[in-house]
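Participant: Right, I'll just put the structure down here and ask away after.
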């Protein structure tokens with residue numbers, strides 16, 4: 001298992017767990033729904049990444065970019081580092097790792 005694949009799987013679990021915690025703590029049905037949806041989507045991209053499919057990396061990059069936009073917006077509105085700031089930072093790190101692998105695959109090195 002390569003680093004981008006482990007990163008995508010870890011992010012999927014963190015997003016799904018965060019949605020579940022949001023539901024338990026605040027009763028937010030939207031949190032559990034979106035956490036589950038994005039978690040499953042990231043797990044699916046991790047599956048495609050395991051076959052070294054470039055499309056898996058690109059879809060994972062897109063999903064991660066959407067998550068960055070969402071969590072950065074939430075942080076800008078609430079100024080609460082937990083959980084929005086931490087999730088934005090984790091997603092930014094994941095985006096960097098995934099993008100680095102896409103560049104590596106695209107150049108053939």
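Only the coordinates and a few stated rules stand behind these numbers; no lab work does. Computed from a prediction, not measured in an experiment: that's the story for all the values here. Note that each Cβ is placed from the backbone with ideal geometry, even for glycine, and that neighbours are counted across all protein chains shown.
Participant: For residue 33 paired with residue 66, estimate the spin-label separation in nm (one decimal), with each label point 7 Å from Cα along the Cα-to-Cβ line.
Facilitator: The answer from the label model is 1.4 nm.
Participant: When a footprinting reagent is the concern and you count Cβ atoms within 10 Å, what order do 61, 74 take, fewest first?
Facilitator: So the residues, fewest neighbours to most, are 74, 61.
Participant: Further question on the same structure: Fully extended, how many nm does the chain gain between residue 25 and residue 2 (0.36 nm per residue separation, minus their Cα-Cα distance)?
Facilitator: Additional length available on full extension: 4.9 nm.
Participant: Further question on the same structure: Taking springs between alpha-carbon atoms closer than 10 angstrom, which of 28, 50, 99 fluctuates most in the Gaussian network model of the chain?
Facilitator: Maximum among the listed residues: 28.
Participant: For n ≥ 4 DSSP H runs only, could you compute -39500 (n - 2.57) per run for the chain, divide by its residues and tell me the 222 nm figure to the nearest 500?
Facilitator: -30000 deg cm²/dmol
Participant: Return, for the Cα atoms of the range 3-100, the radius of gyration and Dmax in Å, separated by a comma.
Facilitator: Cα radius of gyration and Dmax of the range 3-100 are 13.0, 40 Å respectively.
Participant: Right, something else. Figure the gain on full extension for residue 43 and residue 10 (residue separation times 0.36 nm, minus the Cα-Cα span) and round it to one decimal in nm.
Facilitator: 11.0 nm
Participant: Between residue 92 and residue 76, 0.36 nm times their residue separation minus their Cα-Cα distance comes to what? Before the final figure, lay out the partial values.
Facilitator: Numbers: separation 16, 0.36 × 16 = 5.76 nm, distance 1.55 nm.
Answer, rounded to one decimal: 4.2 nm.
Participant: Take every Cα pair under 8 Å in the chain that's 6+ residues apart, average their separations, divide by the length, and report that relative contact order as a whole percent.
Facilitator: Computed value for the chain: 27 percent relative contact order.
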